[in-house]
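Single-structure report; data block below.
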Amino acid sequence: MLIVCMLIPLTRKTYEQLIPAVATADQYAYCSGKFPEFLKRALISAVVASVIAVINAIANPGTAPFLLITGIMGGLYWLWGPVLTASLRNLKCRSYPYSGFWQGRVLDVFITEEIVGEEETVNKRGELVIVDSLEQRINLEVGDRTGFTTRIQAPLRRSYQAIAPGQVALMVVMSDRDDLSRILLCSDIYIPSQNLWV
């Protein structure tokens, strides 16, 4: 199997178009997460709004405008939290001075189970039991004929069943060197034959 290799440097302008400063709708949807993450943000919003309301009741009337704005921002954390998360991720990517468009092939695909959380419960005998929450994740190893390889891990989705070794893989790579000889960060991987992002 011939492993293709293509690394094209990107201009800063093109790179900034690919990685926007503010989160896109797709990034917002991804960073919103599943229901437990939404519930966590909603609870944080409720607690912040409640604390601000209590502080407002006992505070100096001159601080009311500041507390109102703080309360609104805290109460809407459930809404703007994913935007902040995605925007910080984009900011991290944009902090690298050089980037390139990389093309290679999928070398390996495998599934692992990762611990994503712990839950403490009590059994019938009154003993504390810690239960690990496991999540199946896809591991995608990609590489090219120059010897560059990297592995990306993501939550498993049904659509990922179509990914197989040998398929073309595309991504944006970031570097601190203008010749891109040292790759420091990789974007999500795009599999064009399946129209899939991992």
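The listed residues are G71, G81, G75, and the only one of them that is surrounded by 12 or more Cβ atoms within 10 Å (Cβ to Cβ) and either touching a Pro at 6+ places or on another chain (Cβ under 7 Å) or under 30 Å from M174 (Cα atoms) (or both) turns out to be G81.
Every residue, every condition in (1) at pLDDT 85 or above; (2) closer than 19 Å to D188 by Cα, yes or no:
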site	(1), (2)
V116	no, no
D132	no, no
I138	yes, yes
G143	yes, yes
T146	yes, no
T150	yes, yes
A154	yes, yes
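Is segment 178-190 home to any residue that is under 21 Å from D26 (Cα atoms) and either modelled with pLDDT of 95 or more or polar (S, T, N, Q) (or both)? There is at least one residue in segment 178-190 that is under 21 Å from D26 (Cα atoms) and either modelled with pLDDT of 95 or more or polar (S, T, N, Q) (or both).
Please count how many residues of segment 129-156 are among the acidic types (D, E) and touching a Leu at 6+ places or on another chain (Cβ under 7 Å). Count: 1. For G100, the conditions (1) surrounded by 15 or more Cβ atoms within 10 Å (Cβ to Cβ); (2) under 17 Å from the mean Cα position of the chain (by Cα) all hold with the exception of (2).
Scanning segment 156-198 for residues that are part of a loop (DSSP other than H, G, I, E, B) and over 17 Å from G104 (Cβ atoms) yields L156, R157, D176, R177, D178, D179, N195.
Considered as a group, the residues in segment 6-26 that are out of contact with any helix residue (DSSP H, G or I) (no Cβ under 8 Å at 6 or more places or on another chain) and over 18 Å from M174 (Cβ atoms) include one that is modelled with the lowest pLDDT, and that residue is D26. Each residue in segment 136-179 was checked for being touching a Lys or Arg at 6+ places or on another chain (Cβ under 8 Å) and at positive phi, and 1 pass.
For segment 145-198, the set of residues classified as basic (K, R) and touching a residue at least 60 places away in the same chain (Cβ under 8 Å) consists of R145, R177, listed by residue number.
The values are calculated or read from the model by the stated rules, or taken from the named source; none is laboratory data. From a predicted model like this one, the values you see are computed outputs, not experimental measurements. No Cβ is skipped: glycine too gets one built from the backbone with ideal geometry, and neighbour counts run over all protein chains shown.
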